[in-house]
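The values are calculated or read from the model by the stated rules, or taken from the named source; none is laboratory data. Computed from a predicted model, the values in this text were never measured in an experiment. Cβ: placed from backbone, ideal geometry, glycine included. Neighbour counts: every protein chain shown.
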Protein chains: 2
Amino acid sequence: MKAQEKLQNRLNKGLHICVGLDTDKNKIPKHLTADKNGVLEFNKAIIDETSEYAAAYKINFAFYEEAGAEGMEMLARTLELIPDDILVIGDAKRGDIGNTSKMYARSLFDHFNLDASTLSPYMGEDSLSPFLDYTDKIHFILALTSNPGSHDFEKLEITSGKKLYQEVISKVNEWNVNKNCGIVFGATNLDELKENIKSFGDLFILLPGVGAQGGDLEGIVKTFRQNSNNNYIVNVSRALLYADSSKDFAKTSKRILLNYNQAIKNLD
Amino acid sequence: MKAQEKLQNRLNKGLHICVGLDTDKNKIPKHLTADKNGVLEFNKAIIDETSEYAAAYKINFAFYEEAGAEGMEMLARTLELIPDDILVIGDAKRGDIGNTSKMYARSLFDHFNLDASTLSPYMGEDSLSPFLDYTDKIHFILALTSNPGSHDFEKLEITSGKKLYQEVISKVNEWNVNKNCGIVFGATNLDELKENIKSFGDLFILLPGVGAQGGDLEGIVKTFRQNSNNNYIVNVSRALLYADSSKDFAKTSKRILLNYNQAIKNLD
């Protein structure tokens, strides 16, 4: 199934929460840490409890690569546990010269068989096109991120009067000829979302910053609704994964996810 | 040994060529491709012939990650073959929110025990500081890259009158309190190098673009000499690795490296 179709099916059901599998072996419940496959067992339990109710998964390469080859094996085995009908984003913020980006794209899509990427725009179009050439995948390009450092470069005003991240959004719209582009847009400042939402066109929007980072879910949902835009997913990682360290941790994660889903539905 | 010391020792000997280990299993000599450890044998031969005469190695994660966990194992085993007294740059163009960057930094420096990173500046200071906190390592932050897409964002003029990449250079100089910062500055346009070299301060400079990408080595060396700046390394990957597909390929790579070194020396 095309990535676009997988995501659209979930969005049509009113599902907008992306579960971030940033699994940190130091934060999983103690009863799992003794086992060398503890991370995998943790992921399996979370996936089993949430896969019906999530809009997508986002797997953060850093948390696996930290353990080298063994970690990457754990990433591959986690991916095997995820049902085929839900979008899985490989979050590694790629972007390099053409022949190198081609290799990273092969890694994400041919080796790990992921549905979507996150990309860094700094090096420009030819650093991204080897990814965008995968037309049945979705590519989320960093526009405005949710961290304090977004002031250093992303929010610089360029001579056209736009901010750098706004120029990125404009370029990504140009590059979206195959309807396979998206942007990352930080959810920590609602005013910025309101100010920019009309520029999103039909891009898919991935919003980090809700949960541990404090973004306002209700405000985000209302803003998209008011603009008749349903193409958004909101990532939650830590606040969903580590709320409970008992043996029932995954059921707690499910309850949190269902609460988010209900909060979104209540705004109908 | 500190990364800075490793690099300085080589620079003091007049060595400025960084050998890029972008090993593509489809480009190595045919007699090695049958063996599943062919990439490793290729790397071993190249390292054995070049380690005395190179300024540094740069290992490109993409070319290993493309084969997943197995590829990352090959990366780790390649690193074991490199003598401890030469700088090894882990080239993965990292940059993410703080807790994720921390994981990537652990991967590079604690797991793979590399000496240096390449980083993407887009997300700003707090996306880079988990790397910069490793003060005995060197961190090369993308400023101006050698690809056509550098026009899309890097060369945009910001309202201060500077170009975005020039603002990056200025910030990296501010962040260089521990003398562990560097920049990536594309070597394909000599005029840009001449125009900006005075802004480099005491940053370490990594210049891609010589070899397959056509940069002018002589012009680069002369420009640094004229500015009494010795803190630069010039990366060569494809032009050095794949010049010969016979069994003597590594001796050919050594000869090419020695030719580069001689060309630099001739400008004394």
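Here's the yes/no breakdown for (1) over 19 Å from B:Gly124 (Cβ atoms); (2) loosely packed, with under 15 Cβ neighbours inside 10 Å; (3) modelled with pLDDT of 95 or more:
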position: A:Gln166; (1), (2), (3): no, no, yes
position: A:Lys171; (1), (2), (3): yes, no, yes
position: A:Asn176; (1), (2), (3): yes, no, yes
position: A:Lys179; (1), (2), (3): yes, yes, yes
position: A:Gly182; (1), (2), (3): yes, no, yes
position: A:Phe185; (1), (2), (3): no, no, yes
position: A:Leu190; (1), (2), (3): yes, no, no
position: A:Asn196; (1), (2), (3): no, no, yes
position: A:Phe200; (1), (2), (3): yes, no, yes
- Message: Quick check on B:Val236: is it farther than 21 Å from B:Gln166 by Cβ and surrounded by 21 or more Cβ atoms within 10 Å (Cβ to Cβ)?
- Response: yes
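Conditions (1) within 10 Å of chain B (Cβ to nearest Cβ); (2) among the acidic types (Asp, Glu); (3) within 23 Å of B:Asp96 (Cβ to Cβ); (4) touching a helix residue (DSSP H, G or I) at 6+ places or on another chain (Cβ under 7 Å), marked per residue:
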position	(1), (2), (3), (4)
A:Ala55	no, no, yes, yes
A:Ile59	no, no, yes, yes
A:Glu65	yes, yes, yes, yes
A:Leu75	yes, no, yes, yes
- Task: Please find, within the range A:3-50, the residue that is farthest from A:Pro83 (Cα to Cα) out of those that are out of contact with any helix residue (DSSP H, G or I) (no Cβ under 9 Å at 6 or more places or on another chain) and either aliphatic (A, V, I, L, M) or assigned to a loop (DSSP other than H, G, I, E, B) (or both).
- Result: A:Ala34
- Filter result for B:Ala143 (at pLDDT 95 or above, in a helix (DSSP H, G or I) and touching a helix residue (DSSP H, G or I) at 6+ places or on another chain (Cβ under 6 Å)): no
- Message: I'd like the residue in the range B:29-50 that is without any contact (Cβ under 8 Å) to a residue 60 or more places away in the chain and among the β-branched types (Val, Ile, Thr) and, out of all such residues, is surrounded by the fewest Cβ atoms within 10 Å (Cβ to Cβ).
- Response: B:Thr33
- Output for Cβ contacts, cut-off 8 Å, separation at least six or different chains, first residue closer than 16 Å to A:Lys6 by Cβ in the range A:16-27, second crowded, with 18+ Cβ neighbours inside 10 Å and aromatic (Phe, Trp, Tyr), reads A:His16/A:Tyr232; A:Ile17/A:Tyr260; A:Cys18/A:Tyr57; A:Val19/A:Tyr57
- If you take the residues of the range B:51-66 that are without any contact (Cβ under 8 Å) to a residue 40 or more places away in the chain and outside any helix (DSSP H, G or I), which of them is farthest from B:Ser129 (Cα to Cα)? B:Glu52
- Task: Give the number of residues within the range A:221-231 that are touching a Leu at 6+ places or on another chain (Cβ under 6 Å) and buried (at least 16 other Cβ atoms within 10 Å of the Cβ).
- Result: 2
- Message: I'm checking my understanding of the structure. Among residues of the range A:97-124 that are more than 8 Å from every other protein chain (Cβ to nearest Cβ) and outside any helix (DSSP H, G or I), which one is farthest from A:Gly186 (Cα to Cα)?
- Response: A:Asn113
- Query: Of (1) crowded, with 18+ Cβ neighbours inside 10 Å; (2) within 10 Å of chain B (Cβ to nearest Cβ), A:His151 satisfies all except one. Which?
  - Reply: (1)
- Could you look through the range B:239-254, keep only residues that are of a type in the set (Lys, Arg) and exposed (fewer than 15 other Cβ atoms within 10 Å of the Cβ), and pick out the one that is nearest to B:Gly90 (Cα to Cα)? B:Lys251
- Query: Considering only the range A:44-95, how many residues are of a type in the set (A, V, I, L, M) and out of contact with any strand residue (DSSP E or B) (no Cβ under 6 Å at 6 or more places or on another chain)?
  - Reply: 14
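Somewhere in the range A:20-28, is a residue within 17 Å of A:Tyr242 (Cα to Cα), among the acidic types (Asp, Glu) and in contact with a Lys or Arg (Cβ under 9 Å, 6 or more places away or on another chain)?
Checked against the condition, which is being within 17 Å of A:Tyr242 (Cα to Cα), among the acidic types (Asp, Glu) and in contact with a Lys or Arg (Cβ under 9 Å, 6 or more places away or on another chain), the range A:20-28 yields at least one hit.
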- Item | Residue ID - farthest from the other protein chains (Cβ to nearest Cβ), chosen from residues in the range B:80-96 that are under 13 Å from the mean Cα position of the chain (by Cα) and closer than 30 Å to A:Tyr165 by Cα | B:Ile89
- Query: Here are some residues: A:Asn229, A:Asn235, A:Asn180. Which one is over 17 Å from the mean Cα position of the chain (by Cα), within 22 Å of A:Asp136 (Cα to Cα) and polar (S, T, N, Q)?
  - Reply: A:Asn229
